[in-house]
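The values are calculated or read from the model by the stated rules, or taken from the named source; none is laboratory data. From a predicted model like this one, the values you see are computed outputs, not experimental measurements. Virtual Cβ from ideal backbone geometry, glycine too; neighbours counted across all protein chains shown.
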Amino acid sequence: MATSSRRVPLLLLCLGVLVSCSFAAGSLDQELDITWGDGRGKVLDNGRLLTLSLDRTSGSGFQSRHEYLFGKIDMQLRLVPGNSAGTVTAYYLSSQGGAHDEIDFEFLGNVSGEPYTLHTNVFTRGQGQREQQFRLWFDPTADFHTYSILWNPKHVIFMVDDMPIRDFRNLESKGVAFPKSQPMRLYSSLWNADDWATQGGRVKTDWSHAPFSASYRGFKADACVAVAGGRTRCGATVGTEGTGAPASAAGAGDWYNQELDLTLQQRMRWVQRKYMIYNYCTDPKRYQQGLPAECSMQ
């Protein structure tokens, strides 16, 4: 990739080890690659804005140039305006393979005047089915808002404009799998999912409103970057290979040990009381063998 000279010293710190690096992309195309869409994804405004579009032929998407093993990932999004029924704007972290880990934001469009559905999920070793869905307390198409994933060895915290909406805790000691050993890349896509996305697929995409467009800016990844050799120590010291999570927080930012204090826990509970519309932990009909173990512990 083409890299400006002012970025070279920072990137050199990442060679050969997992180290904590903060990438605030002044130019989005320095850190993100548009990977599909035949020109429907564009970087504009001297690299400060990225747009994805969807028409009847194809959607579009991008991915980060780095893989991360823990971090705080921020992105400002402005979602498809107007009649967005049938469209999904996905923004997520994922590793590769059938036994992959994944942390999802998905924004399910709706007919004009009706609210978006914010869909969240966590996959561990290929197993998901941990959906929580929310309405938003603002119009996500009118302006940019920041959607963040804070992922450290103890928590996966979903945030909207720094307001926590979900905290998936590491309960491995209780037998609950947690994503901690597979580096994940950031992905985003805008695509047609009118077989399920809006009112269970009853409302289809109205192609007379195409092309649909979502906008991105303000990407920041304060994260441990997986570079080469499967190193697993977060910091300047090389750790043992292939052992999973970093052995130390050396070199990482405050996010590495961050948890929700009492005030933030109260704010999260407020969001969940007022705006959560689906929680897998309150849907016993899905689970013939009983609710997942974490539902009694989260």
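The set of residues in the stretch 261-280 being surrounded by 15 or more Cβ atoms within 10 Å (Cβ to Cβ) and of a type in the set (A, V, I, L, M, F, W, C) consists of LEU264, MET268, VAL271, MET276.
Is it the case, given these coordinates, that ASP194 is in contact with a Lys or Arg (Cβ under 9 Å, 6 or more places away or on another chain), under 23 Å from LEU77 (Cα atoms) and of a type in the set (D, E, K, R)?
Details: in contact with a Lys or Arg (Cβ under 9 Å, 6 or more places away or on another chain): yes; under 23 Å from LEU77 (Cα atoms): yes; of a type in the set (D, E, K, R): yes.
It is true that ASP194 is in contact with a Lys or Arg (Cβ under 9 Å, 6 or more places away or on another chain), under 23 Å from LEU77 (Cα atoms) and of a type in the set (D, E, K, R).
Which ones in the stretch 156-177 are within 18 Å of the chain's Cα centre (by Cα) and in contact (Cβ under 8 Å) with a residue 40 or more places away in the chain? Even if it seems obvious, please write down each step before you answer.
Quick first cut of the stretch 156-177, residues within 18 Å of the chain's Cα centre (by Cα) only: 156-170.
Within the stretch 156-177, VAL156, ILE157, PHE158, VAL160, MET163, PRO164, ILE165, ARG166, ASP167, PHE168, ARG169 qualify.
Scanning the stretch 199-222 for residues that are within 22 Å of the chain's Cα centre (by Cα) and either at pLDDT below 95 or part of a loop (DSSP other than H, G, I, E, B) (or both) yields a total of 3. Got at least one residue in the stretch 114-129 being part of a loop (DSSP other than H, G, I, E, B), modelled with pLDDT of 95 or more and within 21 Å of ASP167 (Cβ to Cβ)? Within the stretch 114-129, none of the residues are part of a loop (DSSP other than H, G, I, E, B), modelled with pLDDT of 95 or more and within 21 Å of ASP167 (Cβ to Cβ). Selection of the stretch 58-94 for residues being at positive phi, surrounded by 20 or more Cβ atoms within 10 Å (Cβ to Cβ) and not in a strand (DSSP E or B) yields only GLY86. The set of residues in the stretch 156-175 that are in a loop (DSSP other than H, G, I, E, B) and modelled with pLDDT under 95 contains only GLY175. Give the stretch 223-282 a look and list any residue that's at pLDDT 70 or above and among the hydroxyl-bearing types (Ser, Thr, Tyr), or say none. Those that are at pLDDT 70 or above and among the hydroxyl-bearing types (Ser, Thr, Tyr): TYR256, THR263, TYR275, TYR278, TYR280, THR282.
Among the numbered conditions (1) touching a strand residue (DSSP E or B) at 6+ places or on another chain (Cβ under 8 Å); (2) aromatic (Phe, Trp, Tyr); (3) at pLDDT below 95, the only one that TRP196 does not meet is (1).
Applying the selection to the stretch 139-155, what residues are of a type in the set (Val, Ile, Thr) and either more than 10 Å from the chain's Cα centre (by Cα) or in a loop (DSSP other than H, G, I, E, B) (or both)?
Of the stretch 139-155, the ones of a type in the set (Val, Ile, Thr) are 141, 146, 149.
Passing the criteria: THR141, THR146.
Taking the criterion of being buried (at least 16 other Cβ atoms within 10 Å of the Cβ), in a loop (DSSP other than H, G, I, E, B) and more than 17 Å from the chain's Cα centre (by Cα), the residues of the stretch 28-54 that qualify are GLY37, ARG40, GLY41.
No other residue among GLY86, GLY47, GLY61, GLY39 is free of Cβ contacts under 8 Å to residues at least 24 places away in the same chain and touching a Gly at 6+ places or on another chain (Cβ under 8 Å) apart from GLY47.
So that you can scan it fast, the table gives a plain yes or no per residue for (1) touching a helix residue (DSSP H, G or I) at 6+ places or on another chain (Cβ under 8 Å); (2) under 30 Å from THR57 (Cα atoms):
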| residue | (1), (2) |
| --- | --- |
| GLU114 | no, yes |
| ASP161 | no, no |
| LYS174 | yes, no |
| TRP191 | no, yes |
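Would you check if there is a residue in the stretch 79-97 being over 12 Å from the mean Cα position of the chain (by Cα), among the aromatic types (Phe, Trp, Tyr) and more than 15 Å from PHE168 (Cα to Cα)? Within the stretch 79-97, not a single residue is over 12 Å from the mean Cα position of the chain (by Cα), among the aromatic types (Phe, Trp, Tyr) and more than 15 Å from PHE168 (Cα to Cα). Can you find, within the stretch 144-203, the residue that is farthest from LEU28 (Cα to Cα) among those that are out of contact with any Phe, Trp or Tyr (no Cβ under 6 Å at 6 or more places or on another chain) and among the hydroxyl-bearing types (Ser, Thr, Tyr)? Result: SER173.
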